[in-house]
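These notes concern the structure reproduced below.
Every number here is computed from the coordinates shown, using simple stated rules; none is lab data. Note that the coordinates shown come from a computational prediction; the quantities given were computed from them, not determined experimentally.
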Amino acid sequence: MPNNIILDNEDSWDKDELDIFKSYDYRCALCNDKAIVLHEIIFKSHAIGTWKRAGNRVPLCNSCHEKAHSRASKQIRIKLLEIAKNKYGNN
Ligand SMILES: [Zn+2]
Ligand SMILES: [Zn+2]
């Protein structure tokens with residue numbers, strides 16, 4: 001199965017989460033590498049009740065995920081919001 005990326009830990013995600021991975025072809029939304037986590041663009045603590053919706057969660061690879069939680073996170077968040085918006089609309 002060439003180019004068919006499969007999650008290492010598929011069992012640890014629920015169906016909604018797997019759907020998000022799938023809609024990004026299991027790739028990092030920023031660099032196209034293999035995704036390993038779902039990152040919440042707006043952190044749980046700031047989006048109670050809505051953090052789980054698809055438009056707020058994007059698959060990222062490890063290194064982009066680290067960046068998303070680093071000092072450069074503001075730019076990354078803006079970029080991710082745009083990517084998610086293009087994919088899911090204003091949900
Ligand atoms: Zn990445
Ligand atoms: Zn994260």
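List of remarks:
- Listed pairs Lys22/Lys87; Lys22/Lys85; Lys34/Lys85 exceeding 19 Å between Cα atoms: Lys34/Lys85
- Full extension of the chain segment joining Cys31 with Arg77 gains 15.1 nm, where the gain is 0.36 nm per residue of separation less the Cα-Cα distance.
- Segment Ser70-Asp8, length gained on full extension (0.36 nm per residue, minus Cα span): 19.8 nm
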